[in-house]
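In what follows, a single structure is set out as structure tokens and then discussed.
Read the figures in this text as sums done on the coordinates, not as results from a lab. Just so it is clear, the model here is predicted, and its values are computed rather than measured. Note: ideal-geometry Cβ built from the backbone for every residue, glycine included; neighbour counts use all protein chains shown.
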There are 2 protein chains.
Amino acid sequence: MTRKGILFVISGPSGVGKGTVREALLEGRDDIQVSISATTRPPRKGEVDGVDYFFMDRETFLKKVEEGLFLEWANVYSNLYGTPRDFVLNHLNNGQDVLLEIDIQGALQVKEKMPEGVFIFLSPPSIEDLAKRLCQRGKDSQKSIEERLAACEQEMQQMCHYDYVVINDRVEDAVSKIEAIIAAERCRIHQ
Amino acid sequence: MTRKGILFVISGPSGVGKGTVREALLEGRDDIQVSISATTRPPRKGEVDGVDYFFMDRETFLKKVEEGLFLEWANVYSNLYGTPRDFVLNHLNNGQDVLLEIDIQGALQVKEKMPEGVFIFLSPPSIEDLAKRLCQRGKDSQKSIEERLAACEQEMQQMCHYDYVVINDRVEDAVSKIEAIIAAERCRIHQ
């Protein structure tokens, strides 16, 4: 019998660098399947259905919501995004580990449905550091940054629902800690 | 406040290679304190009290047993061996991680007293492989090997009391898995 795969969830406050860490983590390894989101937003140039996202119209998406076919979903700037349940479950049942990179609200929804997942909280070294990151990436207005920082202080309190905390001080260090967590969890005896 | 240290227990059937793995693991790292056993056996040439063992006479040892000063103890060929509780606790309270390499009976005793420890079961790839190891090291008679193998089959059933299982196929692989477990546990959020 094949062992069941493990669901690894990388999550953390907005701006902490989840995407960068995920990309660095996956570079050169093919032993973990990234979860692919469904979305109602139209494909951008070069995006491929089933690779970057599962693109679908609003009606199809909401029908799937009703049928319980998302592990979590959210409305982001009027576009709907969700994590297709069966895509994740099928890989896990085939013995393949799955990686899901997601915001904190989404992670908490996933945890309700799949408490056996491994939940990793990616944390900024400090609120000051997060402020610096948000300013440096230059995508956000002063007001938006202040709102994000206030949200972050709230979000940090959700850390207690996670299994691990990894401080994203240097990307290489965060990645090697997550690699260690993946290797360790593969040795875990489930009681 | 300093974080409390973590107790890592490496354990497994007799002959699986616990000592070799422990030595390879500790080579070049000083971030983990090895637990030093107490014993009533006389020091061998070159052995230093407080470094290799805490040497003590039988009366002192048994008094400590009565006072509950050992996390576990056992009688091995008429010599008493034990894990001094305070040595371990003092290091943990100072924020230092402690490594204890011990047989399965000892590990189960330690787990009763310190269930918060991280218990790693070092497993042979198979009973056949363990038989080969025992024959190759040439220390044991045919009868003794047969007894050990029967004991091992029993001992393998204790695996369910552990947190992790690491198969000692190649020493380097076992060591890197234990390194991953140590790194991961240092990121763990205790709930």
Residue, surrounded by the fewest Cβ atoms within 10 Å (Cβ to Cβ), within the stretch A:180-191, restricted to residues that are outside any helix (DSSP H, G or I) and at the interface with another protein chain (Cβ under 7 Å from one of its Cβ atoms): A:GLN191
Could you check the stretch A:116-152 and list, in sequence order, the residues that are part of a helix (DSSP H, G or I) and closer than 30 Å to A:ALA184 by Cβ? A:ILE127, A:ASP129, A:LEU130, A:ARG133, A:CYS152
What is the number of the single condition among (1) surrounded by fewer than 20 Cβ atoms within 10 Å (Cβ to Cβ); (2) away from chain A (no Cβ under 12 Å) that B:HIS161 does not meet? (2)
Picking from A:GLY5, A:GLY82, which residue would you name as being in contact with a His (Cβ under 8 Å, 6 or more places away or on another chain) and surrounded by 14 or more Cβ atoms within 10 Å (Cβ to Cβ)? A:GLY5
Expected output for the stretch A:106-131 (first residue free of Cβ contacts under 8 Å to residues at least 40 places away in the same chain, partner outside any helix (DSSP H, G or I), Cβ below 6 Å, 6+ apart or cross-chain) is A:GLN109/A:GLU72
Pick out, from the stretch A:9-88, the strands (runs of 3 or more DSSP E) lying fully within it that include 3 or more residues that are farther than 24 Å from A:LYS177 by Cβ. A:70-76, A:79-84
Test A:ILE182 against the stated conditions and say whether it is under 18 Å from A:ALA24 (Cβ atoms) and touching a strand residue (DSSP E or B) at 6+ places or on another chain (Cβ under 6 Å). no
Conditions (1) within 14 Å of chain B (Cβ to nearest Cβ); (2) among the charged types (D, E, K, R); (3) over 22 Å from B:ILE178 (Cα atoms): number failed by A:ASP129: (1)
So is A:VAL166 within 27 Å of A:PRO84 (Cβ to Cβ), among the aliphatic types (A, V, I, L, M), in a helix (DSSP H, G or I) and within 14 Å of chain B (Cβ to nearest Cβ) or not? no
In the set A:LEU69, A:LEU89, which member is in contact with a strand residue (DSSP E or B) (Cβ under 8 Å, 6 or more places away or on another chain) and surrounded by 13 or more Cβ atoms within 10 Å (Cβ to Cβ)? A:LEU69
In the stretch B:96-103, is there at least one residue being within 10 Å of chain A (Cβ to nearest Cβ), surrounded by fewer than 21 Cβ atoms within 10 Å (Cβ to Cβ) and either among the hydroxyl-bearing types (Ser, Thr, Tyr) or outside any helix (DSSP H, G or I) (or both)? no
Take the conditions touching a strand residue (DSSP E or B) at 6+ places or on another chain (Cβ under 6 Å) and in contact (Cβ under 8 Å) with a residue 40 or more places away in the chain and apply them to B:GLY5. Does it pass? yes
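Yes or no, residue by residue, for (1) under 16 Å from the mean Cα position of the chain (by Cα); (2) crowded, with 16+ Cβ neighbours inside 10 Å; (3) more than 13 Å from chain B (Cβ to nearest Cβ):
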| residue | (1), (2), (3) |
| --- | --- |
| A:LEU134 | no, yes, yes |
| A:SER144 | no, no, yes |
| A:ARG148 | no, yes, yes |
| A:GLN154 | no, no, yes |
| A:ARG170 | no, no, yes |
| A:VAL175 | yes, yes, no |
| A:ILE178 | yes, yes, no |
